[in-house]
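Engineer: Dumping the structure here so I can ask a few things about it.
The values are calculated or read from the model by the stated rules, or taken from the named source; none is laboratory data. Worth saying up front: this structure is predicted, and the values here are computed from it rather than measured. Because the Cβ atoms are built from the backbone with ideal geometry, glycine has one as well, and the counts that use them run over all protein chains shown. Quick note on the areas: whole protein, heavy atoms, side chains included, nothing else; ligands and nucleic acids left out. Shrake-Rupley method; radii C 1.70, N 1.55, O 1.52, S 1.80 Å.
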Amino acid sequence: RFEVLWTAMGTPFLETFPLADGTALPKLGFGTYKVGAVPASASSQTAAPLADPVQVIKDALDVGYRCFDCAQFYCNEDVVGQAFKASGVPRAELYLVGKVWGDKIYDGPEAVKAQVQKSIDDLQCEYLDLFMVHWPVPGKHVEAYKALEEEKAAGRIRSVAVANYTIEDLQELQGKVGMMPTVNQIEINPSLFRTDTIKFCQENNVALMAYRVFLNSGKGTVMQHPTVVDVATKLGKTPTQILGRWCIQNGFAHIPKSEKKDRMAENAAIFGWELPVEAMQALNSLTTEPDLEAFRITYFKCIVRDTPLAASPPEPHQITVT
């Protein structure tokens, strides 16, 4: 089905990266975080009124997006599913990503399986193309992953993946699961370019899907970084286009989001041209020690978030932050 390319502005929306299980991951997707809802434990809240989620998804579909990044944590899969249903776009033309959150991971395999079915019901999608363990909850995430493998065997998931896993978390899966994750969705941007983690994933056939390509969690916007602005000016592109192109040119899937239709199209105009080698090297070299320390803090907060472990977190274990 990916032989058919849905295009806008000459941009192929279903160019793909091959995955280790024989499936394919679209290079470009649309993020649904904070579309119509803001999770209660979100790290940042907003007082601004939220755009109509059905209209946001309709606009994204109209622009040409067919891959959508969804999650239990986003608290909006029901309205996103309504938007898909109202659009009339056939299920076979969509690539849908889901994730199970820490509370269900902590509760155990049966809770994980129940969440898979709930996500399918809410999204009205029959099955999920890619489903992830959202964070590696200590002592719980391996069994959660095994539950997802069972869901794949049952046909409710096409491909099993993880998010926010360090090298050590991936190593914990090795030898305990049927197949290593096809994808690891992690924060990647020029201010958080973790070369050792990226190399480990690539060497183990774990594809990378990048989030927060425009916005570093520890620093704020990356779009205004002088290097990004300089490259954008030289090439006659916008900073978001430079960052998006940098992402897929490095071999990472890209899932930007916007509530504005013109920005959706702008974010997608990243095909048919390339960044020069020197620009790629410059953007790959901006991460600092404080950036890595900010990542470490976020990681240990999030692996226990919304679980009983948050009240008395386990001692931080050794992780590779680079």
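Engineer: Looking at this structure, is Asp59 surrounded by fewer than 24 Cβ atoms within 10 Å (Cβ to Cβ), charged (D, E, K, R) and at pLDDT 95 or above?
Structural biologist: yes
Engineer: Determine which member of the set Thr227, Thr233, Thr238, Thr322 is among the hydroxyl-bearing types (Ser, Thr, Tyr), surrounded by fewer than 19 Cβ atoms within 10 Å (Cβ to Cβ), in contact with a Lys or Arg (Cβ under 7 Å, 6 or more places away or on another chain) and at pLDDT 95 or above.
Structural biologist: Exactly one of Thr227, Thr233, Thr238, Thr322 is among the hydroxyl-bearing types (Ser, Thr, Tyr), surrounded by fewer than 19 Cβ atoms within 10 Å (Cβ to Cβ), in contact with a Lys or Arg (Cβ under 7 Å, 6 or more places away or on another chain) and at pLDDT 95 or above, namely Thr322.
Engineer: Is it true that Asn267 is within 22 Å of Thr32 (Cα to Cα) and not hydroxyl-bearing (Ser, Thr, Tyr)?
Structural biologist: Yes; evaluated as a whole, the condition is true for this residue.
Engineer: Same structure again: Return the only residue of Val213, Val177 being under 23 Å from Asp291 (Cα atoms), hydrophobic (A, V, I, L, M, F, W, C) and assigned to a loop (DSSP other than H, G, I, E, B).
Structural biologist: Exactly one residue qualifies, and that residue is Val213.
Engineer: Given the options Lys104, Lys99, Lys118, name the one that is open to solvent by less than 30 Å² (accessible area, probe 1.4 Å), of a type in the set (Lys, Arg) and within 23 Å of Asp306 (Cα to Cα).
Structural biologist: Lys99
Engineer: Residues of the stretch 210-224 being free of Cβ contacts under 8 Å to residues at least 12 places away in the same chain and either open to solvent by less than 10 Å² (accessible area, probe 1.4 Å) or in contact with a strand residue (DSSP E or B) (Cβ under 8 Å, 6 or more places away or on another chain) (or both), which ones?
Structural biologist: Residue satisfying the conditions is Thr221 alone.
Engineer: When you scan the stretch 79-89, how many residues do you find that are open to solvent by 40 Å² or more (accessible area, probe 1.4 Å) and either among the polar types (S, T, N, Q) or within 13 Å of Leu123 (Cα to Cα) (or both)?
Structural biologist: 4
Engineer: When Asp196 is evaluated against the numbered criteria (1) open to solvent by 10 Å² or more (accessible area, probe 1.4 Å); (2) closer than 20 Å to Asn284 by Cα; (3) assigned to a loop (DSSP other than H, G, I, E, B), which criterion, by number, is the only one it fails?
Structural biologist: With respect to (1) open to solvent by 10 Å² or more (accessible area, probe 1.4 Å); (2) closer than 20 Å to Asn284 by Cα; (3) assigned to a loop (DSSP other than H, G, I, E, B), Asp196 is out only on (3).
Engineer: If you don't mind, another one. Taking only pairs six or more apart or across chains, which ones have beta-carbon atoms under 7 Å, a first residue in the stretch 191-209 that is more than 16 Å from Ala20 (Cβ to Cβ), and a second residue that is part of a helix (DSSP H, G or I)?
Structural biologist: Ser191/Asp291; Leu192/Asp291; Leu192/Phe295; Asp196/Ile167; Thr197/Ile167
Engineer: Output the residues belonging to the stretch 241-263 that are open to solvent by 10 Å² or more (accessible area, probe 1.4 Å), touching a residue at least 40 places away in the same chain (Cβ under 8 Å) and under 13 Å from Phe214 (Cβ atoms).
Structural biologist: If the condition is that a residue be open to solvent by 10 Å² or more (accessible area, probe 1.4 Å), touching a residue at least 40 places away in the same chain (Cβ under 8 Å) and under 13 Å from Phe214 (Cβ atoms), then Ile255, Lys257 are the ones that fit.
Engineer: If you scan the stretch 146-165, which residues turn out to be in a loop (DSSP other than H, G, I, E, B) and either surrounded by fewer than 18 Cβ atoms within 10 Å (Cβ to Cβ) or more than 15 Å from the chain's Cα centre (by Cα) (or both)?
Structural biologist: Those that are in a loop (DSSP other than H, G, I, E, B) and either surrounded by fewer than 18 Cβ atoms within 10 Å (Cβ to Cβ) or more than 15 Å from the chain's Cα centre (by Cα) (or both): Ala154, Gly155, Arg156, Arg158.
Engineer: Considering only the stretch 274-299, state which residues are more than 16 Å from Leu192 (Cα to Cα) and open to solvent by 40 Å² or more (accessible area, probe 1.4 Å).
Structural biologist: Answer for the stretch 274-299, where residues must be more than 16 Å from Leu192 (Cα to Cα) and open to solvent by 40 Å² or more (accessible area, probe 1.4 Å): Glu274, Pro276, Val277, Glu278.
Engineer: Checking the structure you have, find out if any residue of the stretch 129-141 is assigned to a helix (DSSP H, G or I), open to solvent by 70 Å² or more (accessible area, probe 1.4 Å), under 20 Å from Ala310 (Cα atoms) and not small (Gly, Ala, Ser).
Structural biologist: no
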